[in-house]
Ligand code: ACM
């Protein structure tokens with residue numbers, strides 16, 4: 001084959017053994033799937049059938065061109081073996097998740113045109129003979145998408161799931177609530193979306209006060225429970241668990257704007273139009289905790305995820321200290337400080353989630369306050385120390401340090417880059433991130449579930465910009481999470497140059513390796529490069 005496609009697989013598989021020859025799918029493509037692999041067969045048939053124009057149809061194992069074989073009973077395994085021989089393709093795995101990963105690797109062996117939504121004329125669906133033995137390094141390979149600061153329609157989320165699945169990610173963390181909006185329908189509290197899902201205005205750039213320049217344009221939107229169930233099912237079919245985040249007790253102004261009785265102030269607050277850290281927390285009173293439990297129960301009914309994220313970052317306790325009602329409540333409990341009340345608040349949420357068989361996830365501030373359940377998972381975002389401390393205290397952790405996993409930071413220095421929150425996490429910074437590099441001990445490193453990239457969207461106003469910031473850095477993070485043995489950066493870049501043809505076929509607005517295209521630059525207008533923070 002003219003292009004050595006085996007050197008373009010991204011993320012890099014564990015073992016690739018090239019064999020002589022090649023194989024091409026020809027219509028009709030017979031598919032044989034083990035009982036238990038029917039959903040994967042349906043995915044292959046629907047997606048590859050649409051892209052290639054080939055008819056995929058059931059066949060017996062002896063004549064099938066594609067065999068999907070379940071080999072064991074390790075339900076948690078994501079391992080797979082992909083064999084292409086002169087007679088056809090076999091994907092074998094202990095569990096459906098592995099078959100899904102094998103399927104997405106198979107798509108990388110085929111011409112990139114399989115990422116189009118309709119067949120091109122004259123493409124031969126040929127691939128090299130090979131045996132690929134593959135398994136992920138980490139069990140948590142996540143991407144967080146903030147749909148609050150700027151909302152994306154459901155189709156964008158589905159599209160994003162396709163792109164995550166292409167790279168063997170297995171967690172989509174949806175940041176659904178914050179000061180600037182509430183994006184999940186809650187039937188018991190309709191004002192959360194009636195009032196909380198929109199704002200009249202948005203501050204320009206990283207505006208941090210109402211007095212900063214604003215755009216004068218209403219912004220909002222939310223997902224119905226049916227939308228979210230659809231997203232969850234679409235992701236699950238592609239090996240991805242959607243982890244919802246309901247931010248508490250801070251970053252909750254949309255909630256307190258909708259229901260002031262759950263806030264701390266006598267004066268009403270509005271859905272925030274600007275960014276930064278707000279003091280408008282939910283109050284920790286019993287009526288509020290009961291309401292939060294009702295909300296979380298609805299969230300659990302939508303999301304089967306074993307993990308439920310309750311935020312926990314950036315929550316100054318001043319309004320708790322200043323409220324007579326909260327002080328009286330503290331006195332009634334014999335709690336002496338706002339910090340101890342925070343512990344009590346977290347403990348109530350943790351116990352509630354544990355009762356419902358879910359694991360609480362929180363940003364690393366929650367380690368400081370405590371009140372966690374033993375099953376709680378800590379996301380280390382303020383660098384790596386929070387993760388180290390949490391792991392040494394016996395908690396599972398996900399490494400999501402600002403540098404270099406916050407993809408809202410610019411990909412390069414210089415004014416060619418468009419709007420970003422700061423300088424900078426280059427593709428190389430992301431690719432060379434090694435979570436174990438500074439880890440103090442092997443034992444607690446075993447608590448690292450994996451890694452996650454973050455797409456905060458204060459200054460990512462639209463979907464094209466979202467893709468620009470996400471790609472190709474998410475391809476690099478995918479490899480940090482998946483590949484036990486990474487290349488050096490130069491080799492990765494070479495591989496990526498070919499991999500980008502897949503993103504081209506899918507129509508992704510990624511940043512080319514040589515820098516932004518003319519129309520991707522920030523210019524001097526609303527997408528002008530204005531870094532506020534510097535990561536280095
Ligand atoms: C965060 O970036 N405040 C989690």
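Compute the distance in nm between two label points, each set 7 Å from the Cα along the Cα-to-Cβ direction, one at residue 233 and one at residue 519.
3.6
Which order results if 85, 323 are arranged by neighbouring Cβ count within 10 Å, fewest first?
85, 323
Could you state the angle between the C-alpha long axis of helix 473-482 and the longest principal axis of the C-alpha atoms of the chain, as a value from 0 to 90 degrees rounded to the nearest 10?
80
Among 480-492, 330-342, 304-316, how do they line up by average Cβ neighbours within 10 Å per residue, starting with the highest?
Details: 480-492: 17.0, 330-342: 14.8, 304-316: 20.6.
So the order, starting with the most tightly packed, is 304-316, 480-492, 330-342.
If you count the DSSP beta bridges with both ends in the chain, what percent of them are antiparallel, to the nearest 5?
Taking every DSSP beta bridge with both residues in the chain, the antiparallel ones total about 30 percent.
Over the range 337-400, what is the relative contact order in percent, taking alpha-carbon pairs closer than 8 angstrom and at least six residues apart?
28
Efficiency by 1/(1 + (r/R0)^6): what FRET value for residue 210 and residue 336, r their Cβ-Cβ distance, R0 = 56 Å, to the nearest 0.05?
After rounding, the FRET efficiency stands at 0.95.
Show me 515-522, 39-46, 244-251 ranked by packing, highest mean number of other Cβ atoms within 10 Å first.
Averaged packing, sorted descending, gives the order 244-251, 39-46, 515-522.
If I model a spin label as a point 7 Å beyond the Cα along the Cα-Cβ vector, how far apart are those points for residue 270 and residue 24 in nm?
6.4
Relative contact order, percent, of the range 458-536 when contacts are C-alpha pairs under 8 Å separated by at least 6 residues?
Result for the range 458-536 is 35 percent.
Give me 421, 378 ranked fewest to most by other Cβ atoms within 10 Å of their Cβ, as a rough exposure proxy. Before the final figure, lay out the partial values.
On the way: 421 25, 378 29.
Result, fewest neighbours first: 421, 378.
Could you state the angle between the C-alpha long axis of helix 154-166 and the longest principal axis of the C-alpha atoms of the chain, as a value from 0 to 90 degrees rounded to the nearest 10?
Between the helix axis and the principal axis of the chain, the angle is about 50 degrees.
Just report the Cα centroid separation between the range 1-46 and the range 264-316, whole Å.
45
At what distance in angstrom do the alpha carbon centres of the range 454-486 and the range 139-188 lie from each other?
13
Taking 8 Å as the Cα distance limit and 6 or more residues as the minimum spacing, I'd like the relative contact order of the chain as a percentage.
Reported relative contact order: 14 percent.
Measure nothing but the geometry: give the 0 to 90° angle between the long axis through the Cα atoms of 38-52 and the longest principal axis through the Cα atoms of the chain, rounded to 10°.
Helix 38-52 sits at roughly 70 degrees to that axis.
Please give the length that would be gained between residue 321 and residue 441 if that part of the chain were fully extended, namely 0.36 nm times their separation in residues minus their C-alpha to C-alpha distance (nm, one decimal).
Using 0.36 nm per residue and subtracting the Cα-Cα distance, I get 39.3 nm.
Kindly rank 93-103, 117-127 from highest to lowest mean number of other beta carbons found within 10 Å of each residue.
Values: 93-103: 25.3, 117-127: 13.3.
Those peptides, ordered most packed to least, come out 93-103, 117-127.
Bear in mind that the values in this text are calculations on the coordinates, not laboratory data. Since this is a predicted model, take the numbers as computed values, not measurements. Because the Cβ atoms are built from the backbone with ideal geometry, glycine has one as well, and the counts that use them run over all protein chains shown.
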